[in-house]
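Notes follow once the structure below has been shown.
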Amino acid sequence: MTLLIERRGEFAVESVSLDAIAQRFGTPCYVYSKAALVDAYSRYRRAFADHEHRILYAVKANSNLAILKLFNNLGSGFDIVSGGELARVLAAGADPSRIVFSGVGKSQSEIVQALAARIACFNVESEPELERVSRLATDCGVRANVSLRVNPDVDARTHPYISTGLRQDKFGIPHEQALALYRKANQLPGVRIAGIDCHIGSQLTTAAPFAAAFERVIALADALRSEGIAIEHIDVGGGLGIRYRPEDEPPSIEQYVHALTSRLGERRLSIMVEPGRSMVGNAGLLLTRVEYLKATPERSFVVVDAAMNDLIRPALYDAWHEIRALNHRSPEAARLCQVVGPVCESGDFIGRDRTLALEADDLIAVLSAGAYGMSMSSNYNSRPRAAEVIVDGDRAHLVRARETIAELYARESFLPE
């Protein structure tokens, strides 16, 4: 669904104008649409239809408690990568039997925390981690369900920082070593083999890498079955891309799910998916206000009140976000400009070389900012993090208050005199 709409001359999310949101909650501010969040989850559920499956929202994409609670109420499970994320989803009311724990560096305390919560499964990424999980589970008097995360050496054709399925990446167990490690797992006292896990990267824009990785995982499942090691599920991770630019054409949720289910044949295996970006990315925008227009002999700058600490993706990944001016100025007033923030870094930009008609105090919307925006934000330059708002029809709900400056140093202390 389209997030930003024009209603009676005003730009709005659902039925609430962004000008009203800016006046009430200030800027910068993240704004999400409840309807868009529900629609994304519902499309996954409908696409799987009667095929046995589990949708596990990837918490790292956006960990706001209100969003977690919404997905939990819809029936979603959760993919977590830290003890902090585990605490968050439990606080949102999640059923531990619908939680899987991924990540390459799980600490002893995090594993014990997850064992105590009785989560559904650990996605194990190395032999030392497998041994640690088995030992700690034995110490706790339980057996932990595990899937081994297999690295299929498939090129996801995405940004190298978010590629996770190549031989040189830090994630997972090399495909050629997986069968031997499954045999070892089958002999360990503290673990029970539940499935196979695979995740090859983020923001994938074609179905081919998913299909290639899934074929390798299915072949491993068949090899395990032939040795009497039965698995219950295949966890294919997340990674489905979204439309950032108007010309982007990633596979639809329906095409993605069909690419998976059509390859299982007669195998009676449950499919787990861990969507993050495709659940929340296009359901949110960053609302920001123009502070200054600054012209130099080389470039024209639009200085806004959002910065790289609010949305780091452009600086970190050279990511492109569509920027919309929320005014009705004449197209003749548009000019090529650099949309930048106030942080003292040359890398602090929101968008390069954009043609926009703007004046000081105008509002702009940075689209497709619902994923890896707020969750990756920081307090760099002692800047309070933005407010978060969810729009539900004609109502706007504050789901995270803007930080105060005093809160930024409230936990700090002086040396003794």
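The values are calculated or read from the model by the stated rules, or taken from the named source; none is laboratory data. What you are looking at is a predicted structure, and each value in this text was computed from that prediction instead of being measured. Methodologically, a virtual Cβ is constructed for each residue, glycine included, from the backbone with ideal geometry; neighbour enumeration extends over all protein chains shown.
Can you confirm whether Ala386 is under 13 Å from Thr288 (Cβ atoms) and of a type in the set (Gly, Ala, Ser)?
On the way: under 13 Å from Thr288 (Cβ atoms): yes; of a type in the set (Gly, Ala, Ser): yes.
Yes: the conditions hold for Ala386.
Among the residues of segment 55-67, is any touching a residue at least 12 places away in the same chain (Cβ under 8 Å), over 25 Å from Asp310 (Cβ atoms) and either assigned by TED's automatic domain parsing to the domain that holds Thr404 or surrounded by 15 or more Cβ atoms within 10 Å (Cβ to Cβ) (or both)? Within segment 55-67 (the criterion being touching a residue at least 12 places away in the same chain (Cβ under 8 Å), over 25 Å from Asp310 (Cβ atoms) and either assigned by TED's automatic domain parsing to the domain that holds Thr404 or surrounded by 15 or more Cβ atoms within 10 Å (Cβ to Cβ) (or both)), the answer is yes, since at least one residue qualifies.
Hey, could you check segment 133-155 for residues that are of a type in the set (D, E, K, R) and out of contact with any strand residue (DSSP E or B) (no Cβ under 7 Å at 6 or more places or on another chain) and say which is surrounded by the fewest Cβ atoms within 10 Å (Cβ to Cβ)? Working first, answer last.
Of the residues in segment 133-155, the ones of a type in the set (D, E, K, R) are 135, 139, 143, 149, 153, 155.
Narrowing the set further to residues that are out of contact with any strand residue (DSSP E or B) (no Cβ under 7 Å at 6 or more places or on another chain) leaves 135, 139, 153, 155.
Working: Arg135: 16, Asp139: 11, Asp153: 18, Asp155: 14.
Within segment 133-155, the match that is surrounded by the fewest Cβ atoms within 10 Å (Cβ to Cβ) is Asp139.
Given the criterion under 29 Å from Asn309 (Cβ atoms) and assigned to a helix (DSSP H, G or I), identify the matching residue among Ala36, Ala116, Ala47, Ala137.
Ala36
If you scan segment 304-347, which residues turn out to be surrounded by fewer than 20 Cβ atoms within 10 Å (Cβ to Cβ), more than 18 Å from Arg245 (Cβ to Cβ), touching a Gly at 6+ places or on another chain (Cβ under 9 Å) and of a type in the set (Asp, Glu)? Listed by number, the list holds a single entry, Asp305.
Of the numbered conditions (1) touching a Lys or Arg at 6+ places or on another chain (Cβ under 6 Å); (2) at pLDDT below 85; (3) more than 25 Å from Val146 (Cβ to Cβ), Pro246 fails exactly one; give the number of that condition. It is condition (1) that Pro246 fails.
Assessment of segment 141-159 against the conditions (modelled with pLDDT of 95 or more, farther than 30 Å from Asn73 by Cβ and out of contact with any helix residue (DSSP H, G or I) (no Cβ under 9 Å at 6 or more places or on another chain)) yields at least one matching residue. Selection within segment 383-402: residues that are surrounded by 15 or more Cβ atoms within 10 Å (Cβ to Cβ) and among the acidic types (Asp, Glu). The member of this set that is nearest to Tyr244 (Cα to Cα) is Glu388. Taken over segment 183-207, the criterion of being at pLDDT 95 or above, touching a helix residue (DSSP H, G or I) at 6+ places or on another chain (Cβ under 8 Å), crowded, with 17+ Cβ neighbours inside 10 Å and not aliphatic (A, V, I, L, M) is satisfied by Gly190 alone.
Select, from Ala87, Ala49, the only residue that is surrounded by fewer than 22 Cβ atoms within 10 Å (Cβ to Cβ), at pLDDT 95 or above and not assigned by TED's automatic domain parsing to the domain that holds His328. None of the other options fit; the residue is Ala87. Looking across segment 348-361 at every residue that is crowded, with 16+ Cβ neighbours inside 10 Å and out of contact with any Lys or Arg (no Cβ under 7 Å at 6 or more places or on another chain), the one that is nearest to Ala334 (Cα to Cα) is identified as Leu356.
Suppose we filter Leu286, Leu220, Leu293 for residues that are under 30 Å from Asn186 (Cα atoms), modelled with pLDDT of 90 or more, over 15 Å from the mean Cα position of the chain (by Cα) and of a type outside the set (Gly, Ala, Ser); which single one remains?
Values: Leu286 fails: under 30 Å from Asn186 (Cα atoms); Leu293 fails: under 30 Å from Asn186 (Cα atoms).
So the residue among Leu286, Leu220, Leu293 that is under 30 Å from Asn186 (Cα atoms), modelled with pLDDT of 90 or more, over 15 Å from the mean Cα position of the chain (by Cα) and of a type outside the set (Gly, Ala, Ser) is Leu220.
Among residues of segment 171-182 being out of contact with any helix residue (DSSP H, G or I) (no Cβ under 9 Å at 6 or more places or on another chain) and part of a helix (DSSP H, G or I), the one that is modelled with the highest pLDDT is Ala180. Considering Tyr380, Tyr372, the condition of being crowded, with 21+ Cβ neighbours inside 10 Å and aromatic (Phe, Trp, Tyr) is satisfied by Tyr372 alone. How many of the residues making up segment 239-259 are surrounded by fewer than 21 Cβ atoms within 10 Å (Cβ to Cβ) and not in a loop (DSSP other than H, G, I, E, B)? Selection size over segment 239-259: 4.
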